[in-house]
Amino acid sequence: TLEGNMIDPSKFQWMLDWSHVWAAIFKAAFGYICFLTFQNDTQQVITNNLHSAGFKGLVNICLVVKALLSYPLPYYAACELLERAFFRGRPKTIFPTIWTLDGDLKVWGLAWRIGIVVFTILMACFIPHFQIL
């Protein structure tokens, strides 16, 4: 986990709290500035307010890159939780371990992880308003 990989895991909660505080501050400031800029014409999707097609495209590309780069953190946390719950090897769990003795991922373990990625992408595609959740 992220906490386990920290040099000083005792500071994890402090880091988590402050990262959420700063994220909230930046999002609130961004929303407020956008509202002040576009006022009553503010649309729900803020990039729709941008008049320049080139700038709008650049902002959308940045948002896609941000989404792609932010995916691994919750993905690895979810995989680790699922691996601990189901894939620690018999008799601890019902499934065998997905790791070889030298620490490499087995082929079917890789397939399982790819399946998790595909499953989450399909959920994002087919569940209406998934981003609101």
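The values are calculated or read from the model by the stated rules, or taken from the named source; none is laboratory data. Model, not experiment: these values are computed from the prediction. Here the Cβ positions follow ideal geometry from the backbone for every residue, glycine too, while neighbour counts run over all protein chains shown.
Odds and ends about this structure:
- Leu82 at pLDDT below 85, of a type outside the set (Gly, Ala, Ser) and under 27 Å from Leu16 (Cα atoms): no
- Residue in the stretch 98-109 that is touching a Ser or Thr at 6+ places or on another chain (Cβ under 9 Å), at pLDDT below 85, outside the structural domain of Gly4 (by TED's automatic domain parsing) and surrounded by fewer than 10 Cβ atoms within 10 Å (Cβ to Cβ) present: no
- Of all the residues in the stretch 49-70, those that are under 29 Å from Val118 (Cα atoms) and without any contact (Cβ under 8 Å) to a residue 12 or more places away in the chain number 12.
- Number of the exception - Val65 against (1) exposed (fewer than 11 other Cβ atoms within 10 Å of the Cβ); (2) at pLDDT 85 or above; (3) of a type in the set (A, V, I, L, M); (4) not assigned by TED's automatic domain parsing to the domain that holds Gly31: (4)
- Taken as a whole, the condition of being in contact (Cβ under 8 Å) with a residue 60 or more places away in the chain, under 15 Å from the mean Cα position of the chain (by Cα), in a helix (DSSP H, G or I) and exposed (fewer than 12 other Cβ atoms within 10 Å of the Cβ) applies to Leu73.
- Scanning the stretch 76-133 for residues that are part of a helix (DSSP H, G or I), under 23 Å from Gly4 (Cβ atoms) and touching a Phe, Trp or Tyr at 6+ places or on another chain (Cβ under 6 Å) yields one hit, Phe86.
- Counting only residues that are surrounded by 10 or more Cβ atoms within 10 Å (Cβ to Cβ) and not in a helix (DSSP H, G or I), the stretch 7-58 holds 3 of them.
- Every residue from the stretch 13-46 that is in contact with a helix residue (DSSP H, G or I) (Cβ under 8 Å, 6 or more places away or on another chain) and at pLDDT below 80: Cys34, Phe38, Asp41, Thr42, Gln43, Ile46
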